[in-house]
1. With the contact rule set at Cα under 8 Å and sequence spacing of 6 or more, what percent relative contact order holds for segment 124-199?
2. How big is the dipole moment of the chain about its Cα centre under a simple scheme where the beta carbon of each Lys and Arg is +1, that of each Asp and Glu is -1, and everything else is neutral? Debye, nearest 20, please.
3. Under 18 Å between alpha carbons, and skipping anything fewer than 8 positions from Lys120 in its own chain: which lysines qualify?
4. Would you kindly state the longest site-free stretch of the chain, with sites defined as GluC sites (Glu not before Pro) in a DSSP loop (not H, G, I, E, B) surrounded by at most 15 other Cβ atoms within 10 Å?
5. Compute, for segment 67-169, the length of the dipole vector about the Cα centre, with Cβ point charges of +1 (Lys, Arg) and -1 (Asp, Glu) only. Units Debye, rounded to 20.
6. Quick one: in the chain, what % of C-alpha pairs are over 28 Å apart?
7. Mind checking which lysines have their C-alpha under 20 Å from Lys23, skipping anything on the same chain fewer than 8 residues away?
8. In segment 7-105, what trypsin sites (Lys or Arg not before Pro) fall in a loop by DSSP, with at most 16 other Cβ atoms inside 10 Å?
Amino acid sequence: MRNPPALEQLVESLRCLPGVGPKSALRMAYHLLQRDRSGANGLAQALHNALQVVTHCSLCNTFSEDIVCPLCAADNRDPTLLCVVEMPTDLMMLEQTRVFQGRYFVLMGKLSPLDGIGPKEIHLEKLLKRAQDGVVEEVVLATNYTVEGEATAHYISELLRSRGLKVSRIARGLPMGGEIEHVDSGTLAQALMERRSVR
């Protein structure tokens, strides 16, 4: 027995979410229709509204309802520092530290040729234009320490350094409060290689 066409369409639509397979999508669809129709209606309205009003900031490329997002519009940020991150969630995590006071650029991804994601898909032309605005003095690369994140950081650093910009990379090593016996050998090796003098 087949599900009604509208239900099948809902299941297929839910499968566009990362990590959601056919069974999970079917469970979600059943839940929304059987147990939480008001929640489903709220989800539909919120999704429709977000698609209508959320766009990309013209300067940093993060999600925004305005042409320029509040972070880029703030006049208390240091315009000479530009931090490059992969996703808006990375920007939010860095902001929570309250340490970085510069500006940002969000790539909305990372280089991954096997997935068809090249320089165009991560907005490198827009980044180059932003980094060469005559105000930026240092670009801080804060991509993830994954194979793709490292490749992205290397590619961007080569592009920017060839244009005379100062480029730095966030450090890596032992987590705050971490115990050596519980840290993987790769992280420990990196911490040893990137050791600093004690002041």
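1. Working: 54 pairs, mean separation 19.0, N = 76.
Once divided by the residue count of segment 124-199, the mean separation gives 25 percent.
2. 100 debye
3. Lys110, Lys129
4. 1-64
5. Numbers: 12 positive and 14 negative charges, 46 e Å.
The calculated dipole for segment 67-169 is roughly 220 debye.
6. On the way: 8994 of 19701 pairs.
Cα-Cα pairs in the chain separated by more than 28 Å: 46 percent.
7. none
8. On the way: sites: Arg15, Lys23, Arg27, Arg35, Arg37, Arg77, Arg98, Arg103; in loops: Arg15, Arg35, Arg77, Arg98.
Answer by residue number: Arg15, Arg35, Arg77, Arg98.
Read-outs: derived from the displayed coordinates by stated rules, not from any lab. Since the model is a prediction, treat every value here as computed from it, not as a measurement. Cβ atoms come from the backbone with ideal geometry, glycine included; neighbour counts cover every protein chain shown.
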